[in-house]
Amino acid sequence: MTRPVLTPPGGHRKVLLHSCCAPCSGEVMEAMLASGIDYTIYFYNPNIHPKREYLLRKDENIRFAEKHGVPFVDADYDRDNWFARAKGMEFEPERGVRCTMCFDMRFERTALYAHENDFPVMTSSLGISRWKNMAQINDCGHRAASPYEGLAYWDFNWRKGGGAARMIEISKREEFYQQEYCGCVYSLRDTNEHRERQGRERVVLGQNYYTADENEKNG
């Protein structure tokens with residue numbers, strides 16, 4: 001595969017990548033590797049619920065990082081703090097103010113780590129998903145980086161140039177765990193309610209994995 005050479009803000013070659021999961025970060029990781037960018041994964045996602053789901057997603061990301069020899073920072077799973085910040089937003093819609101709060105919280109911690117460990121650039125794999133509002137994510141990223149002089153948020157559109165399609169291709173090739181809701185308990189609740197209205201079964205954790213045959217699932 002021929003990829004264009006990516007250039008982070010300021011021409012820097014050292015980047016801190018906030019990763020939400022292996023399927024979303026797979027294309028971002030391979031794209032940066034192909035451009036010779038020196039990056040580290042920062043996994044901070046206290047929104048993911050329950051803990052079993054959190055560990056499934058984190059372990060898949062660690063597996064892929066180790067395959068490519070990419071440093072992986074496993075941050076705290078301080079879900080009590082996340083729930084405290086989400087109080088009063090329990091019934092906000094997806095892509096609403098609760099999601100903004102969630103992105104802010106995760107990016108604030110990422111920016112602090114970047115500042116304390118001399119990363120001039122931070123970015124995230126969150127925006128590659130078509131289910132996310134890219135403008136919302138980028139606003140949160142820039143806001144988190146802004147207090148730190150010399151730190152930039154890289155708002156590259158990872159979906160473009162076939163990135164979204166390669167994300168699925170990589171997920172199938174690696175047989176990543178296929179999560180079926182955004183991550184938080186409220187997303188899980190809303191997904192299950194939607195499924196029940198359609199006469200479908202509720203989400204079963206740890207069951208579905210990407211395969212070369214998109215119609216085939218294994219657990």
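The numbers here are math on the coordinates, done by the rules we state, and not lab data. Values in this document were obtained by computation on a predicted structure and should not be read as measured data. Glycine gets a Cβ as well: all are built from the backbone with ideal geometry, and neighbour counts include every protein chain shown.
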Expressed in nm to one decimal, what extension gain is obtained for the pair ARG52 and GLN136 from 0.36 nm per residue of sequence separation less their Cα-Cα distance?
27.5 nm
With 10 Å bins from zero, work out the P(r) of region 166-213 over every alpha carbon pair and list the percent per bin.
26, 41, 30, 2
FRET efficiency for ASN157 and GLU193, using Cβ-Cβ distance with R0 set to 25 Å, rounded to 0.05
0.20
Find me the longest stretch of the chain that has none of the exposed trypsin sites (Lys or Arg not before Pro), where exposed means in a DSSP loop (not H, G, I, E or B) with at most 16 other Cβ atoms within 10 Å.
14-86
Within region 178-208, which residues have the backbone N less than 18 Å from the label spot 7 Å out from GLU92 along Cα→beta-carbon, could you tell me?
182-191
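Within the chain, what's the longest run with no chymotrypsin sites (Phe, Trp or Tyr not before Pro) in a DSSP loop and at most 14 other beta-carbon atoms within 10 Å? Give the range, please.
Working: sites that count: PHE91, TRP131.
In the chain, the maximal stretch lacking such sites is 1-90.
Cross-link list LYS58/LYS172; LYS51/LYS87; LYS14/LYS172; LYS58/LYS132; LYS14/LYS132: which exceed 22 angstrom alpha carbon to alpha carbon?
On the way: LYS58/LYS172 18 Å; LYS51/LYS87 19 Å; LYS14/LYS172 29 Å; LYS58/LYS132 20 Å; LYS14/LYS132 26 Å.
Those over the limit are LYS14/LYS172; LYS14/LYS132.
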For ASP76 paired with GLU180, estimate the spin-label separation in nm (one decimal), with each label point 7 Å from Cα along the Cα-to-Cβ line.
3.3
Along each principal axis, Cα extent of the chain, largest first, Å:
52, 42, 27
Each label point is 7 Å from the Cα along the Cα-to-Cβ direction; what then is the distance between the points at ASN117 and ASP38, in nm?
1.4
Sorted by Cβ density within 10 Å, fewest first, the residues VAL204, VAL73
VAL204, VAL73
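Can you sort LEU126, LEU16, LEU55, LEU188 from fewest to most other Cβ atoms within 10 Å of each residue's own Cβ? Spell out each step's value before the answer.
On the way: LEU126 28, LEU16 25, LEU55 13, LEU188 20.
Listed from fewest to most nearby Cβ atoms, that is LEU55, LEU188, LEU16, LEU126.
Before rounding to the nearest 500, sum -39500 (n - 2.57) across all DSSP H runs of length at least 4 in the chain and divide by the residue total; then give [θ] at 222 nm in deg cm²/dmol. Please list the in-between numbers first.
Working: 7 runs with 96 residues, N = 219.
That comes out to -14000 deg cm²/dmol.
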